[in-house]
Every structure is written in structure tokens, then in C-alpha cells.
Protein chains: 4
Amino acid sequence: MIEAGIIGGAGYTAGELIRILLNHPEVNLNFVFSTSQPGKPIYSIHQDLIGDTEIKFTDKINTEVEVVFLCLGHGNSKKFLAENQFSAKTKIVDLSTDFRQKSDDHKFIYGLPELNKKDIEKADLIANPGCFATAITLAILPLAKNALLKDEVHINAVTGATGAGTSLSGTTHFSWRDNNFSAYKSFEHQHLNEIGQSLKQLQADHDAEINFIPNRGNFSRGIHATAYTKFEGDLDEAKKLYADFYQDAAFTFITDEELHLKQVVNTNKCLLRLQKFGNKLLITSVIDNLLKGASGQAVQNMNLMFGLDEKLGLNLKASYF
Amino acid sequence: MIEAGIIGGAGYTAGELIRILLNHPEVNLNFVFSTSQPGKPIYSIHQDLIGDTEIKFTDKINTEVEVVFLCLGHGNSKKFLAENQFSAKTKIVDLSTDFRQKSDDHKFIYGLPELNKKDIEKADLIANPGCFATAITLAILPLAKNALLKDEVHINAVTGATGAGTSLSGTTHFSWRDNNFSAYKSFEHQHLNEIGQSLKQLQADHDAEINFIPNRGNFSRGIHATAYTKFEGDLDEAKKLYADFYQDAAFTFITDEELHLKQVVNTNKCLLRLQKFGNKLLITSVIDNLLKGASGQAVQNMNLMFGLDEKLGLNLKASYF
Amino acid sequence: MIEAGIIGGAGYTAGELIRILLNHPEVNLNFVFSTSQPGKPIYSIHQDLIGDTEIKFTDKINTEVEVVFLCLGHGNSKKFLAENQFSAKTKIVDLSTDFRQKSDDHKFIYGLPELNKKDIEKADLIANPGCFATAITLAILPLAKNALLKDEVHINAVTGATGAGTSLSGTTHFSWRDNNFSAYKSFEHQHLNEIGQSLKQLQADHDAEINFIPNRGNFSRGIHATAYTKFEGDLDEAKKLYADFYQDAAFTFITDEELHLKQVVNTNKCLLRLQKFGNKLLITSVIDNLLKGASGQAVQNMNLMFGLDEKLGLNLKASYF
Amino acid sequence: MIEAGIIGGAGYTAGELIRILLNHPEVNLNFVFSTSQPGKPIYSIHQDLIGDTEIKFTDKINTEVEVVFLCLGHGNSKKFLAENQFSAKTKIVDLSTDFRQKSDDHKFIYGLPELNKKDIEKADLIANPGCFATAITLAILPLAKNALLKDEVHINAVTGATGAGTSLSGTTHFSWRDNNFSAYKSFEHQHLNEIGQSLKQLQADHDAEINFIPNRGNFSRGIHATAYTKFEGDLDEAKKLYADFYQDAAFTFITDEELHLKQVVNTNKCLLRLQKFGNKLLITSVIDNLLKGASGQAVQNMNLMFGLDEKLGLNLKASYF
């Protein structure tokens, strides 16, 4: 059994990790570290876990675990690792933005298995991708792979309220968000950096604009994204590029069916649909922001790092309706 | 034109009052007092008012207005009136709980028009009823009027998230409340006092238990309540009691149609349906918690105090769907 | 009082018309025609109207009314008018698509007041615009007015479930739509025709592509649209063009505040926000699909045709939350 | 591997069964019978299953399977079994109401494991309980076990839209149900029969009234129920009765934490909370109507019938938010 620890245990991504790891056949959840809730049962915060586990939050870190997941606010992972030393054998999966940009300052691998599976299998340090970045990158990566991203890409995506985290704010108040819809951070969302880095990894000369309008939807979880760009080939050519690129993907599938968000909610899947209109290729992409967009992908990365079946513990029942 | 002021202008009930008073043909909104937002346009907080008004929040109180509405947190109205003196002609409508219980310490009239219309017409000081209290009291008051409340009453009611106010809390976070449901303050809700006082006003010997389970619903506005108790007569007798009691009511109607919450959302109405099962009379009651349950009823009381048509400014279009 | 009739009284747009007209100070609702519900009180279908009116649906048409609103399915208005003859004085507002395209076959005026106010004032026959068409056209019309629509426009918009009408379908089933999101009719929505016609009316040489992705949102009412295109000037220039164009508009307002859908729900307003990113101008537009996008705009057109204040009966209280 | 078949494969409960059985380590999903969709991949209806399985609906029944689940409309199971003969070894789990009432006409065991575990283990025919019946019976069964149900019980429960099935109706239209709430079938819900039968099984002299008001909530899945009745003992005594009764239950847990619906959504659990007010014991009960209230309990019964771990395949990740 792989001994696993979680740092920052009270938030949404930690909750999802705990839910997955409690049922993972090769993992023992060694500790859940929380400075705010030490001594409390984890079901006092993640209240669906009543009856499932008696584990308590702790403020002691076991530095000898084999894998640790960092579920800290952006900026805090770097700080935490500067102040805490794990054993040489401890692999780290960081869910924050802190190490997603390649740099000479660190050795973290960007944990998008569809892009970096071989490197992930050999890695000890993983920077887990952002949720919007996952949905969008998967939608257009096969074009970059074939050096076909030459024109602007137009992206519109909507995320659920869990995307904003557990903190309370005006736009996460139920009375505000219920039956509401709004765009935010248009053209300036921070995930554009990750997306650009991944595209350039496969198409070094990529420099066309990525126009991205994110939106706040009145649902709890999931990301629905549409992306379109000029594409000279016909629809079958596009489908072939995508099918080839994702032929070994464990959770990313191409379909001709109409897509909607709830097809993937509470699963680790990404579904993609391709359509052609005039000279434009439209790709629709749906994921669960907390699973394929966060904790599910983190476990997928863990599975790869430890040589396990990539899908182990991740055959999750969709809630669907 | 009646010059009107609002104290505590940033919350939900103040917002609803502003929306109503801006379109009220006999009212001029003289000032909206807010210690937190002085100088800002009111549309910066009540953001649907863009294009409707350029009024700004003020931290100056005009003590010469003819009517002032207190939209303060419970406990703060008493404090505010101790520290601020209005002119002799200023009528006051207080939306907090502070003066709802009769007492030798104050002269506020409990502002439920179906119960106290004549007193309201002559009043200068109104204690506006609570939202649950309005929905529930209207459901059973005709029984008390006829001294028929001799057995326990069993009440279950559900309220929207606006019932909890603008403050942020765990149970008003969208991710928590979306698609959720929960009971709270069972048997101990503070509105039981108001309800009991109103029942005793019409049936002095009333002392049977009122069992009340309030619930948090995953919608923004409205209250749906069911109440049942033993009733010896048949359904037609019950309907006659209710029809007689509400024959002059401006906004409370008895119907044989099935009821659902959205029939009254964004209106000042209360709809009641009566059914008989065995020896039990079941009454279903629906209101908008922010209108008939707060700001709409406050304006209804103002209309009565100033000798205006009770419905003036309150013929509101339901949003319905 | 203007005697008014409604044809096709059981649907959403008829319901909204009835709600507005019952409170309109210059209108008497003469009849509501319905082949499916004759003899039933209208509150048996539009169930929020209990207590407001005792009017019944009728299968008799009074051909002498001064104005009639056609709330029929697309294709049925033309058929209905071929089979039914109104008096010479009867003005007609058609809410279907049947007469929105200019043609030598009919004399209907496209009823977008921001575009055709003078013609509407003199008209007897109005083709009321579509909901998406209204939100989108208002977002970009000032650019066409100044011949600045030279490059592609990229539009993404989301509509509520009422946009699909009262008919039951897989995508309007609550279990499907709740907490869901999906794109549909991408690049091929039928409203593109109306939009193109309005743009060409102001910018005859317009022939750049309008890329439009409509989406189904999990809310009941409202449209939120974003549109962007290349714009050489700076933000202030853009704002001036829009302010000039809409200076006499009764319900369309430019704002620097952040926008969200519920600012306009249950009102007849359109709110627009302009932002500049790089060489792109982004316009956000929000309307209520059933009011400014249908029945509210129909009454606005009626007001103009009868020489009334354009806003009469349309100062509606937003539901907002 | 247990070969399993499903009859009536297009509805919600079949969908949930398929999701569970595809991941069940001891089951092979042999066939999914559907007269309406033969030849189509099951992911064309249960659209979250894209990428998970290529199984197609069939109109051929394999009568040699070891277990078959009947997901037919009420009344149709009896008819189906009269017309179709399975092998002697085939165990049957019927999810309809057809065999829930004990009768000399059939040998079905009522499949509530907390009540009938030993009989289920030996059974070949299971009548799977109704959703409301499960939530409510589990809330009060320990009282019947101790012959303490002597006074009226007052129950109020709310169910999600999936409780009404996939069929389209006015009350499952999104525009109607969104942000709405309504009571229905008050005092007359058909599940009262099942509940009464289970109570009498443990307390033969039980004849006090069960007052039950069911409600339609504006969420997709889950049941939240409150039940109260007179109870002479103190809270600790009540807790002890419940703890004793459920000590061996695999999915039913007593807790002192506040309860809300989403703690159990997408799980097979039932959570119960006990409170005492005056002389009344209040029990809150939450389940997922499609899992513990239908398909999850069906698999739990299958596990028991085949001597498997009761929880096999049912350690489901809650969606929670």
C-alpha cells in the first residue's frame, strides 16, 4: 500500500482527494494535515464521509509518506516546501499554480498525462494542471501537435461555483449566483500562461492569439468549453488527428454525440466533440473541474508515477442527473 | 408626494423597498442612509437599478421625512431610535424583530393588515412582521378567530436563501446550497413568539402547541408552508371561515387550485389552499419572503397609514418562471 | 383605454403580456384567445394570476380591438392572418419570426425601437424581434451605425429554459437541465438572419462573418451575451459611439459596472458594458428573454404606435435575487 | 462472475444500475433489454457512459442469467413476469411496487436489508422498496422494534425531480420547477402502504396515524425527511435504541452532526439524526432516492442474495457539491 498524505485538508480539492483515496485499492491515507481543524474528524468538514472513516485532521506531518498532495492556496505551496522537508522517497503532487511554469528554479513536471505521460511516469514532482487549462488544452492540443494552430483561437468556457474555492464572496453567495450568469477576467485569465506553454511544447512556433472568455455558471461543478479556429482540412481529417492523438488516453474521448456538462460530472473524463462550419473547426470540451480539472488528475498522475494502472481508483460513477 | 427615507440601505429588504418606492406614484425617495456605502450610487449595490436612478447612499439623515423604514439588523432598530430623533410627523416602519412583541415600553403596532388593519391606519409606529410569521399566521388565523385552534398544529415551511440576509455563511455558499435541502431551528424558531401573540389576540385561551420545522431550500426567494390540525367541520365550513376572514384582504386569497411557490414570487400576495383529510385540515400557504414577508408588507402598511389605496405601488408583475 | 387582444394565450410570451397589460394604465385586456383552453380562467394556466383577474380564455376573436398581439408558434402567424380578418383600425404586433425579414410580400416593420423608432411610431404592423437577436443586435449596432463592423464578430450567448417555450423536451426536463450547460445550433442559429438584416440596414456594405454559439443555461429566464471584434479606436471612442447611439433609448443603458444576468431579469432593460483588450472591443449584453426579448418589447412597440410614453406599464420591479 | 440482465433499460433506475454494475468486481452486465432502443449503444441514452462501454440495448432476453433487475413502470413487472420465463437459477430484483405488499399470490421478499437481511440472503425474489418508504421507514423502524410507536407520527419529506421518472410533465419542466417548491399527494402517498407493512412487521399492534406530506423540491436527486412523534424517554435512550438497531447496518448511520441532503447524494447511505424537543423525538433522514432509494439498494440486495460483501461495488464517491 502506498502511504499518502494531504496538506491543506479542508478545501474542495482535498475533499475530493480524500473521497478518492479512501476507496483506492493501493493507497492508505496516512494523514490529512490542516492547521485550522487539527483533532477534528474529517467528516466534520467533509460531511458526506460520516460512516466512511474516523480519520481526524492532524497538525503533524509524516515526512516519510510515499506521496504527498499539496492542496494549498496559490503561492503557498512554494512557501510550504521551503519550510518543510520530506524524505527522499516522497513524491509530491502540487495542485497550486506555483510550479506549473517550467523554470530552472524547480524540477516539477506539468502533470497533463495526455501531453507528458512518459515524463510523469519518471517524475517525483508533479505540478497538477489548472481546471480551465485542462479543458481548453485538451480541446486544441492535437492541432498544435500537427502544427496547425496558425490562426487565432476563440474560446468561451463556463465553470461552476466550486471553481472559486470554499471562500465566501459576493459571487459565490447563493442569492447572487442562483439563476445567474456572468463573464469575468475576459482575455486575462491566469490559465492562459499554462495553455500557451503546453501549445508551444508541441508547436514551437505557435504565437497566434488565444482569446478566452471565462464565465461563472450557476452550477456547482464542471467546465463546459467551446473553442474554434480556422482549419483547412475537412471534418474527417480533424477527427483522425484527434483520434490518433488520444488513442492511448485513459480518460479523454472523442465522440460524435451532442455534449453537455453532466456527462462528465463526478468523473475523471474529458469528452470532446468536433464539428466543422465553413472554414472553422469547433471543438466542445467538458470536464469536472474538481476531478479531471484537479483531484482526479492528481490521482491519475500518482498512478502513473507509481507504475499502477492509470485508471485505478478512478472508475467513478457519474452523478449525471 | 410622501417624502420617504430608508435606514440601512445595503441589504435585501432595503433593496426591495427602493425598487418599490421608485415606482410608487405617491412617494419620493428622499434618502437612503448607509454607513457602509455613503456617496456611492445605490445602483453600485442594487445593481439592477442602473438606468433607473442616480440617487446615492448618504450618511446624513433627514429627520423631517414623513415616513422612514428601518432595515436594520435585529436589535439595532431600538438602538438606532434611542440615538436618533425624527420629527413629530415622521411615521416609522421597523422591519426588525425589535418591537414585534407588545410591551408597555413601546407603542408599535404589529403590522399584519389582515389582523390589525384599523390600528395600522391610525398608527405612527409599525413593527413589520417576520417572513415565516406572515406565511404561517395567515394560514391559521381564521381558525383562531373562530376559537377553533384547540389541538396541536403541525407546520413545515421552507425558505429561500435571501431569508438569511446578505451576510455570507456556510449555508449561503452556492456550492453548499445548490441542489441541497436542510432543516434548522426545529421547534425553536424565533418567529414562534410572533405567531403565538397573533393567535392569542384572536383566541385568548389558545395554548396548544405549534410544532414548526423550518427548512433551507435551494432557491433564492419565497416561503412555502404547510400547516395541519384537527378540525371537526367539513371542508366547506373551513373554506367559509377563511373566505369570511379574508374578504377584505388586499393580497391574501383562498384558492382551490394546486399551489406552488412561484405563483407568488415577486408579488405581495399570499395564496392559501385548504384540504381536508380524515379529521385534519391542511392549509398550504405561499408568500414571497422579501415582499409580503418584508418590504412589500412594509409599503402596504405605509399605504394604510397614509390613507392611500392599500395596493398602491404593489401591483407587481410576478416573475413566475 | 386601448382595447387589446391576445392570440395564442397559453404560452410564456402570452403570460408575460397578460401580466404587463393587466397593470398597464392605458390598456384594457379585451380578450385572450386560446383554442386549447376556452372557458377556463386564465389563472388556471398562468397560475400566479389568482386574485388578480377573473378573465377567461375565449375561442371567440373580437376583430374590433385596437391592438392584437400574436403569440403563435413560428409559421402560424402568417397562417392565422390569412384566415382571420381584423378591422382596419386594428394594429398587430406579431411575436413570431414570420414577418421579421423585410419582403415585398408584407408591410411589417421590424420592431426594434433602438433601430426603427420613427417607423414604429407610424406603423400598424410590427414584427417583434427575437430574443437572441435583440441582445446581440443591441450589442453591436452602434458599430454598424459608424460603418466599423469590418472584421469578424465572435459571439457567445446563453439563454434560459423559457427560451425553448412551454413544450416539453429532453433538454427542458428538470433532471437533465439542472446544473447542466450545453451549446446548440452553433454557427447556424436562425436569428443570424435578423441580426444580419439589422446590421446591413445601418452599414450597407457589411459582409463580415458573425460567429455565434448559443448555449442552454440552467436558469429559467434571461440572455447573457458577449461579443468581440477588432476595433481600432480606444475605449473612450467606443463608449462615445455607444452613448450617442443610445442617448434616446428608453431601456438600453451603457455602464462601466460589471454585468451579470440578474440585473435585468424581470425588467425590459438591456444593459451593455464595453471593454478593450489589445485591438479587440468586448461588449457584454444582458436582457430578459421574455421581456426585452419578447413581450416587454412588444408592449414598448405598442406604446410607440399609440403615441404613449414608451415606458408606460414597463417600469417593472426586477426580481434581482 | 455473476451474469446480470436489466429489463427496461432506458430509465433513471436502469441507468444507475448500469453505472454501478459496470464497476462491480463480481458482475458481468450480460444484457440491457429495451423495447424502445434496441441496437443503440447504451451511451446514446445514458450519455455519461461514452468511453466506458460499447454495450448496446437489446430486445433479446437471456433467460439464463443469474440475476435480473426489473426496471419497469409500476404494474408492468407483474405483466412482464407472466409473459417471460427465466431459468430456475435466475434471481429477480423488482424495482416496481408490484410485489412490495406481502400476499399469498407471490413469494417476493421486501428488500429492506435493515429489516429483512436474513430473509434476503435466502431469497430468490426481491421486491425493492420505494424511495420515500426507505427514507421514512429507516427513520422510525427502531421505535416500532421497541413497540414505542403509539402516537401519531408527523412526516414531511422532499424529493428531487428524478423521483418522478424520465417522463416529461408540467412539474418536471425546468421552467416550472426551477426555484420552485410544492406539496403533493398529502396524506395519500402510495408509499404509506409499504411503510405501514414494515412497521406492523416489528410492532404488530401498530395502528397510529402516519401523517405524511411529500414535496417536490427543485433539485435532481435525494430525499430529505423529518419525522416526529411523542417519545417518553430521553434523547440518550432514543440514541441507544437506534444504535442497537443499526449496529450491523452497512449503509445506515446515526450521527449528531447537522444533516443536509448532499451528504448522501450519489451514495448508498442513509444518515439519521435524532433530537428531542419537549416530549417529541425528531428524526431527520437523508438518502439518495436513486441509490439507497432504488438501484443502490437493489445491488445491496443482490450482494446479500449471492453471499457477497454487502458493500461490494457500492463504495461510491459522493458528489457532495
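The values are calculated or read from the model by the stated rules, or taken from the named source; none is laboratory data. This is a predicted model, so every value here is computed, not measured. Cβ placement follows ideal geometry from the backbone for every residue including glycine, while neighbour counts extend to all protein chains displayed. Surface accessibility is based on the protein's heavy atoms, side chains included, excluding ligands, DNA and RNA. Shrake-Rupley method; radii C 1.70, N 1.55, O 1.52, S 1.80 Å.
If you restrict to DSSP beta bridges whose two residues both lie in chain C, what percentage is antiparallel, to the nearest 5?
45
Across the identical copies, the 7 Å label point of A:D256, projected outward along Cα→Cβ, sits 5.3, 5.6, 6.0 nm from its counterparts, in ascending order.
Taking all protein chains into account, the per residue accessible area for the range B:131-287 stands at 30 Å² (1.4 Å probe).
Straight-distance candidates among the lysines for linking to B:K240, with alpha-carbon spacing under 24 Å and chain neighbours fewer than 8 residues away dropped: B:K117, B:K118, B:K145, B:K150, B:K200, B:K230, B:K269, B:K276, B:K280, B:K292, C:K40, D:K185.
On alpha-carbon atoms, Rg over Rh for chain D using Kirkwood Rh? All intermediate terms of the calculation are to be shown ahead of the outcome.
Values: Rg = 19.3 Å, Rh = 20.1 Å.
Ratio of gyration radius to Kirkwood radius for chain D: 0.96.
Ignoring aspartates and glutamates fewer than eight residues from A:K239 along the same chain, the ones with Cα atoms less than 18 angstrom from its Cα are A:E114, A:D248, A:D256, A:E257, A:E258.
As a rough guide to protection, the peptides A:136-147, A:309-320 ranked by mean Cβ packing within 10 Å, highest first, stand as A:136-147, A:309-320. Remark: mean inter-chain Cβ contacts per residue of C:183-193 equal 3, using a 10 Å Cβ-Cβ cutoff to other protein chain atoms. Between B:V32 and B:I6, B:T58, the built amide H atoms are under 5 Å apart, and every one of these is 5 or more places off in sequence or on another chain.
Please give the per residue volume of the convex hull enclosing the alpha carbon atoms of the range C:80-153, rounded to a whole number of Å³. Before the final figure, lay out each step's value.
Numbers: hull volume 8.3 nm³, N = 74.
Hull volume normalised by residue count: 112 Å³.
Placing unit charges on C-beta atoms (Lys and Arg positive, Asp and Glu negative, everything else neutral), compute the dipole magnitude of the protein assembly as shown about its Cα centre in debye, rounded to 20. Display every interim value, and only then the final one.
Details: 128 positive and 152 negative charges, 1 e Å.
Here the protein assembly as shown has a charge dipole of around 0 debye.
In the range D:88-238, taking the dipole from charged Cβ atoms about the Cα centre, the farthest positive-side position among D:N179, D:N146, D:G165 is held by D:G165. Among the residues of A:305-317, the average count of other protein chain beta-carbon atoms within 10 Å of the residue beta-carbon is 2.
Around the Cα centre of the range D:20-100, unit charges on the Cβ atoms of Lys, Arg, Asp and Glu (plus for the first two, minus for the last two) sum to a dipole of about 260 debye. The residues of the range B:278-295 occluded by other protein chains by 50 Å² or more of accessible area, set against the chain on its own, are B:K280; surface from heavy atoms, 1.4 Å probe. Just the protein heavy atoms count here, and of the accessible area of the range C:1-128 at 1.4 Å, carbon and sulfur take up 46 percent. Approximating the spin labels as points 7 Å out from Cα along Cα→Cβ, the C:N23-to-C:E258 distance works out to 3.0 nm. With its label point defined 7 Å out from Cα along the Cα-to-Cβ axis, B:D207 lies at 3.3, 8.9, 9.1 nm from the matching points of the other copies, in increasing order. Of the residues B:N116, B:F57, B:Q201, the one whose Cα sits farthest towards the positive end of the charge dipole of chain B is B:F57 (charges of +1 on Lys and Arg Cβ, -1 on Asp and Glu Cβ, taken about the Cα centre).
Separation of the range C:78-133 from the range D:173-189 is 39 Å, based on Cα centroids.
Using the 2.2 N^0.38 Å rule of thumb for compact globular proteins, work out how the range C:131-287 stacks up: its C-alpha Rg over that value, please.
Details: Rg = 15.7 Å, N = 157, 2.2 N^0.38 = 15.0 Å.
That ratio works out to 1.05.
Here the chain C residue lying nearest the rotation axis onto A, judged by its C-beta and given with the distance in whole angstrom, is C:N156, 2. Counting only other chain Cβ atoms within 10 Å of each residue's Cβ, the peptide D:154-166 averages 4. Residues of the range B:221-259 that bury at least 30 Å² of accessible area once all protein chains are present, compared with their chain alone (1.4 Å probe, heavy atoms only, ligands and nucleic acids left out), are B:R221, B:H224, B:T226, B:Y228, B:F253, B:E257, B:E258.
Label points for C:K107 are taken 7 Å from Cα along Cα→Cβ. From this copy to the others they lie 6.8, 8.3, 8.4 nm apart, shortest first. Chain C and chain A together bury an accessible surface of about 3100 square angstrom, both sides counted, with a 1.4 Å probe and no ligands or nucleic acids included.
Each listed q (0.06, 0.08, 0.09 Å⁻¹) maps to a log10 I(q)/I(0) for the protein assembly as shown, found by the Debye formula over equal Cα scatterers with no solvent: -0.54, -1.00, -1.27. Taken along the Cα-to-beta-carbon direction at a fixed 7 Å, the label points for A:E152 and B:K56 span 3.9 nm.
In whole percent, how big is the carbon plus sulfur part of the accessible area of the range D:131-287, probe 1.4 Å, protein atoms only? Spell out each step's value before the answer.
On the way: 2170 of 4730 Å².
Exposed carbon and sulfur together represent 46 percent of the surface.
Inter-part distance, the range D:192-267 to the range A:299-316, computed on C-alpha centroids, equals 39 Å.
A Cβ-based charge dipole, computed about the Cα centre of the range A:240-318 with Lys and Arg at +1 and Asp and Glu at -1, lands at about 220 debye. Legend: residues C:R221, D:R216, sorted from most to least accessible area (1.4 Å probe; ligands, DNA and RNA excluded), read D:R216, C:R221. Contact residues in the range B:50-88 by the 50 Å² criterion (accessible area, 1.4 Å probe, full protein complex versus chain alone): B:I50.
For the range A:148-235, the spread of Cα coordinates along the three principal axes comes to 46, 26, 18 Å, biggest extent given first. Axis of helix C:295-305 versus longest Cα principal axis of chain C: the two differ by about 80°, to the nearest ten degrees.
Applying a 10 Å radius around every beta-carbon, put B:1-9, D:21-29 in order of their mean neighbour count, most first. Intermediate results must be reported in sequence, preceding the final value.
Numbers: B:1-9: 21.9, D:21-29: 17.9.
Highest-to-lowest ranking by the protection proxy: B:1-9, D:21-29.
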